[in-house]
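Reviewing the structure listed below.
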Amino acid sequence: MYRYDSHLFRSIQVDHQLFALTKLDITGDGRDEIVACSWDGHTYILDQEKCSVCFHLEESVMSFCSGYYTLQPGHPPVPCLVYTTFTNKVIDMLGFLNAADSILHVPVHLWSQ
């Protein structure tokens, strides 16, 4: 925790070089989580209750973004994490949380040359 001008700020120490930072309501509770990605494929998700989770993509990441997307017309968009790798792949993790805010499975859609 950091204190600046009588305000407390939260910090988390990571052992990876982060290059992308986004926000997204991943859990569906109406509050945004912070999503940070490192070059070596580690992704950190931090919520406003000071809980965090980290997972490893197992590939080096060239670019990263997050947002609400769908792969099927007419279906509502869901939270999605999208990665591009140095091996010419686009990987999206689409709708990977359940209503209980736990990681169920990671349906990965992979596009490569």
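For the range 30-73, state which GluC sites (Glu not before Pro) are in a DSSP loop and have at most 15 other beta carbons lying within 10 Å of their beta carbon. For GluC sites (Glu not before Pro) across the range 30-73 that sit outside H, G, I, E and B with at most 15 neighbouring Cβ atoms in 10 Å, the list reads Glu49, Glu58, Glu59. In loop segments of the range 8-37 as defined by DSSP, the trypsin sites (Lys or Arg not before Pro) with at most 14 further C-beta atoms inside 10 Å of their C-beta are Arg10, Arg31. In terms of other Cβ atoms within 10 Å, Leu81, Leu94 run from fewest to most in the order Leu94, Leu81. Summarising the label geometry, the points placed 7 Å from Cα in the beta-carbon direction at His16 and Tyr68 lie 2.7 nm from one another.
None of the figures in this text is laboratory data; all of them are computed from the coordinates on show. This structure is a prediction, so every number in the text was calculated from the model and none was measured. Positions of Cβ are backbone-derived with ideal geometry, glycine not excepted, and every protein chain shown enters the neighbour counts.
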